[in-house]
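A quick write-up on the structure given underneath.
The values are calculated or read from the model by the stated rules, or taken from the named source; none is laboratory data. What you are looking at is a predicted structure, and each value in this text was computed from that prediction instead of being measured. Because the Cβ atoms are built from the backbone with ideal geometry, glycine has one as well, and the counts that use them run over all protein chains shown.
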Amino acid sequence: MNFDDTPQEAAFRAEAKAWIAANAPKQYEDELRKASLGRVALKGANILEVAKAWQKKKADAGWACLHWPKDYGGRGASPIERVIWQQEEGPFGRLSSMFIIGHGMCGPTMMAFAGEEQKRKYLPPLASGEKVWCQLFSEPAGGSDVAGLRTRAEKQGDEWVINGQKIWTSGAHYSDYGILLTRTDPDVAKHKGLTMFFLDMKSPGVEVRPIKQANGASDFNEVYFTDVRIPDSQRLGNVNDGWNVSLTTLMNERMSIGAGVSTGFPELFDFCNSLMLEDGPAIENRAVRAKLANWAVKASGLKYTSMRAISALSRGERPGPENSIGKLVAGSMIQDVATYALDLQGAAGALNGPEDAEVAGKFQAMLLRAPGTRVEGGTDEIMRNIIAERVLGLPGDIRVDKDVPFNKIPTKGRA
Amino acid sequence: MNFDFSDEQKQMRDEARKFLSEQCPPKAVREVLDGKAPYDKALWKGLAEMGFLGVAIPEQFGGAGAGHLELCVIAEEMGRALAPVPFSSTVYLAAEAILIAGSDAQKQKWLPKIASGDAIGTLALFEGKGNPSPKAINVTANGGVLNGVKKPVADGAIADFAVVAARTGSSGRESDISLFIVDLKAGGVEVKSLTNIDLTRGQAEITFKDAKAEPLGAAGEGWSVITQVLDRAAVLTAFEQVGGADRALEMGRDYALDRIAFGRPIGSFQAVKHMLADMYVSATLARSNCYYGAWALSTNAGELPEAAAAARISATQAFQHCAKNNIQVHGGMGFTWEFDCHMYYRRANAVALGLGSLSYWEDALIDRMRKKNAA
């Protein structure tokens, strides 16, 4: 049992480290290091531009989308090399957040289902960040129940005509392309009448409206489709086989390992180390210590769970199911951590904003952003279902809409 | 990076699991639970024959000379099987104390007997309620004899010898405490059996009246040794706890698959599924913390104090959580004597206290993290 690199891994790490040291935008390192949930911004710079520039620089030197084939803009690297890169990229990896959907979900879906010419055309600029992609699955009527979506695609000649509405689309407002899941046959059961496409987000009839979130920020959008035309050549997979195509996408969403989930613990530990309470330093207060210890072991448990997965990759094996706990644990933990940090501040904890709030409002921002972490990318409840069904082998839910034609499924709970 | 046990160590775990599933089925555990025997003597002998008792004891002292990683995988299986034997007292506490502080002669005297199953040992630390603290030690050592009362002493009624923490000074500092080895079968020792919430493991009160005692380690260094022993035992016990947590989770899962209510397996209800998913989460967090503890223990890393506390806290929480919710999944049947659920519940809650309770380790973890931060 050890944490050591193999000689090849060590060589790769040294190469990555040297390149990053010579090329990373170090003027932003401090701010990126201090960034926390709900608060990633660079003073005096447009973070999107900085992110795109960094991604392009990486791509030109062969450090973008490491695990993708070289022909598609990647490096053809092994899974463990990808993890080592992420470890070395450190705070600069936070600049990649605008590419996560494109690189993590759209790219792999294109790779699996697009034609060879399309892959060569679309994937390299996606890898280099010159083109940004989004994923158009969720709808007002289909969140956790993605297959309940209602956006229609109707065939007219060699084209499909799209009408409907998507929601919770991260980055749609700055995306160039998107992958789109639609309903092509409402007369069959809901999973059997879906079809996947990719489209140019600048197509006529696409309208993007930002959603003002509960925390006041706008990371997500509603996207409206009015008679949007997509050529049949941009269909991914067979007609009415979109559900299986989307499973590829979603599988990739949950495969990312080593990036490290944010728990808020390091921030809280630092805060408690400097905070004075009425009767002395917070860190010497027994009640505070008990709380901290409980979160400390969750944070370390997640860290070493991820180390176990990385070890499996290093041996050339597929990681076990244990990595599926990360999002579930971190999501509610960061919310609890933020709540407690405000509790320690007393009445002043209610103050928000960088000037008046404690530690420049770090925990207030975290608190207000946290509810989203427990919903996006699979709610806590969906994550528990996945663990229960795929890891523990418990039965799936009894689905009352499974064998019912989609257009016969009730749409309202109370009349 | 290979943050995992080796293939040989995993093979040893499989061997231990096979041996224990044959030699220590729930029926055997119940012999002790029902008071028919103080511990499973046949199993103890079998463990010695398998080489498990001395797996981390060097060959020159009669052990297998493997190491602590091997002991970790065996500990996990002992916990999984709820083995009703004084393994933790003898192997994690007494043997480790002698390995850390014993003279060559003491090692020659006791370690081969531990490895062969001929001597049961324990650590006599506590004196009534409270967590480990040098201030709580009032048993005195003067002129080679001990006086005072230790309670509770795990497996004290079946132990042949004890490592005893006693007061040898009155400066108010840790250096007032020294360790001794006492032959519990000799004169001046009175042992009274006490009832444990975990009926598969014994507890005792031991009274020393001018009991002959041999110093273990240098005078005044007892507390430093105790701290090291507790850290090592915390990691090893955490593996037992993870083994128990995993088994309780499996029992709950299996029952949820088999039990039909309202026309469907209860494991198809989200309320039950989510409870089991949460049990999996805590068992997984604990296992990962334990692996880190195992790494620190086996490499004698400077991180051991912090890693041991994290493993202890995480594994204690996981075992308690899984044991209690296993009963909940079982419903009324889980609350019967006949079903095995309560045996895990009892073990989970007793083992949570033996090396110091959660609040003790929480405090220790934050202390140790602060020290590391300051360094």
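One table, with the values for the structure above:
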read-out: Extreme residue, surrounded by the most Cβ atoms within 10 Å (Cβ to Cβ), among residues of region A:187-204 that are in contact (Cβ under 8 Å) with a residue 40 or more places away in the chain and small (Gly, Ala, Ser); value: A:GLY193
read-out: Checking B:ALA165 against (1) assigned to a strand (DSSP E or B); (2) surrounded by 24 or more Cβ atoms within 10 Å (Cβ to Cβ); (3) free of Cβ contacts under 8 Å to residues at least 60 places away in the same chain, the condition it does not meet; value: (3)
read-out: Enumeration of residues in region B:17-29 that are in contact (Cβ under 8 Å) with a residue 12 or more places away in the chain and either within 14 Å of chain A (Cβ to nearest Cβ) or assigned to a helix (DSSP H, G or I) (or both); value: B:ARG17, B:PHE19, B:LEU20, B:SER21, B:GLN23, B:PRO26, B:ALA28, B:VAL29
read-out: Of the criteria (1) in a loop (DSSP other than H, G, I, E, B); (2) out of contact with any Phe, Trp or Tyr (no Cβ under 6 Å at 6 or more places or on another chain); (3) of a type outside the set (Gly, Ala, Ser), which one B:ILE158 fails; value: (2)
read-out: Unmet criterion (only one of (1) farther than 15 Å from A:ARG235 by Cα; (2) in contact (Cβ under 8 Å) with a residue 40 or more places away in the chain; (3) buried (at least 17 other Cβ atoms within 10 Å of the Cβ)) for A:THR184; value: (1)
read-out: Odd one out for B:VAL242 among (1) within 10 Å of chain A (Cβ to nearest Cβ); (2) touching an Asp or Glu at 6+ places or on another chain (Cβ under 9 Å); value: (1)
read-out: Spans of helices (runs of 4 or more DSSP H) in region A:292-404 with at least 1 residues within 14 Å of chain B (Cβ to nearest Cβ); value: A:326-345, A:380-386
read-out: Close pairs (9 angstrom Cβ cut-off, 6 or more residues apart or separate chains): part of a helix (DSSP H, G or I) in region B:92-105, surrounded by 23 or more Cβ atoms within 10 Å (Cβ to Cβ) and of a type in the set (Ser, Thr, Tyr) anywhere; value: B:TYR92/B:THR237; B:LEU93/B:THR122; B:ALA94/B:THR122
read-out: Members of region A:375-391 found to be surrounded by 20 or more Cβ atoms within 10 Å (Cβ to Cβ) and free of Cβ contacts under 8 Å to residues at least 60 places away in the same chain, listed by number; value: A:MET383, A:ARG384, A:ASN385, A:ALA388
read-out: Residue match in region B:354-375 (condition: out of contact with any helix residue (DSSP H, G or I) (no Cβ under 9 Å at 6 or more places or on another chain), without any contact (Cβ under 8 Å) to a residue 24 or more places away in the chain, closer than 28 Å to B:TYR255 by Cβ and not in a strand (DSSP E or B)); value: no
read-out: Selection from region A:173-196 of residues that are more than 16 Å from A:ILE230 (Cβ to Cβ) and not basic (Lys, Arg); value: A:HIS173, A:TYR174, A:ASP185, A:PRO186, A:ASP187, A:VAL188, A:ALA189, A:HIS191, A:GLY193
read-out: Extreme residue, nearest to the other protein chains (Cβ to nearest Cβ), among residues of region B:245-265 that are of a type in the set (Gly, Ala, Ser) and out of contact with any Cys (no Cβ under 8 Å at 6 or more places or on another chain); value: B:ALA256
read-out: Enumeration of residues in region B:37-48 that are under 30 Å from B:TRP295 (Cβ atoms) and either within 14 Å of another protein chain (Cβ to nearest Cβ) or out of contact with any Leu (no Cβ under 6 Å at 6 or more places or on another chain) (or both); value: B:LEU43, B:TRP44, B:GLY46, B:ALA48
read-out: Residue among B:SER282, B:SER298, B:SER268 that alone is at the interface with chain A (Cβ under 9 Å from one of its Cβ atoms) and crowded, with 24+ Cβ neighbours inside 10 Å; value: B:SER282
read-out: Selection count, region A:261-291, where residues are small (Gly, Ala, Ser), in contact with a Ser or Thr (Cβ under 8 Å, 6 or more places away or on another chain), in a helix (DSSP H, G or I) and more than 7 Å from chain B (Cβ to nearest Cβ); value: 0
read-out: Single match in B:ASP34, B:ASP14, B:ASP7 (criterion: more than 26 Å from B:LEU99 (Cα to Cα), within 14 Å of chain A (Cβ to nearest Cβ) and of a type outside the set (S, T, N, Q)); value: B:ASP7
read-out: Filter pass, B:ALA315 being without any contact (Cβ under 8 Å) to a residue 60 or more places away in the chain, closer than 30 Å to A:PRO266 by Cβ and not in a strand (DSSP E or B); value: no
read-out: Residue, farthest from B:ILE266 (Cα to Cα), within region B:314-366, restricted to residues that are aromatic (Phe, Trp, Tyr), within 14 Å of chain A (Cβ to nearest Cβ) and surrounded by 24 or more Cβ atoms within 10 Å (Cβ to Cβ); value: B:TRP361
read-out: Any hit, region B:236-249, residues being aliphatic (A, V, I, L, M) and either part of a loop (DSSP other than H, G, I, E, B) or within 28 Å of B:GLY102 (Cα to Cα) (or both); value: yes
read-out: Criterion: buried (at least 22 other Cβ atoms within 10 Å of the Cβ), free of Cβ contacts under 8 Å to residues at least 40 places away in the same chain and farther than 21 Å from B:GLN203 by Cβ - qualifying residue of B:PHE61, B:PHE3, B:PHE52; value: B:PHE52
read-out: Total residues in region B:108-126, condition touching a strand residue (DSSP E or B) at 6+ places or on another chain (Cβ under 6 Å) and not in a loop (DSSP other than H, G, I, E, B); value: 4
read-out: Elements of type strands (runs of 3 or more DSSP E) contained in region B:171-227, each with 3 or more residues being touching a strand residue (DSSP E or B) at 6+ places or on another chain (Cβ under 6 Å) and among the aliphatic types (A, V, I, L, M); value: B:177-183, B:189-194, B:203-212
read-out: Leading residue by the ranking (nearest to A:LEU194 (Cα to Cα)) among those in region A:395-415 that are without any contact (Cβ under 8 Å) to a residue 60 or more places away in the chain and in contact with a strand residue (DSSP E or B) (Cβ under 8 Å, 6 or more places away or on another chain); value: A:ILE398
read-out: Among residues of region A:32-75, those that are in a loop (DSSP other than H, G, I, E, B), at pLDDT below 95 and of a type in the set (Gly, Ala, Ser), counted; value: 5
read-out: Residue satisfying condition, being within 28 Å of A:ILE398 (Cβ to Cβ), in contact with a strand residue (DSSP E or B) (Cβ under 8 Å, 6 or more places away or on another chain) and either surrounded by 15 or more Cβ atoms within 10 Å (Cβ to Cβ) or touching a residue at least 12 places away in the same chain (Cβ under 8 Å) (or both), within set A:ALA172, A:ALA153, A:ALA147, A:ALA141; value: A:ALA147
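Condition check ((1) in contact with a helix residue (DSSP H, G or I) (Cβ under 6 Å, 6 or more places away or on another chain); (2) buried (at least 21 other Cβ atoms within 10 Å of the Cβ); (3) acidic (Asp, Glu)) across all residues:
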position: A:GLY76; (1), (2), (3): yes, no, no
position: A:TRP85; (1), (2), (3): yes, yes, no
position: A:GLY90; (1), (2), (3): no, no, no
position: A:ILE100; (1), (2), (3): no, no, no
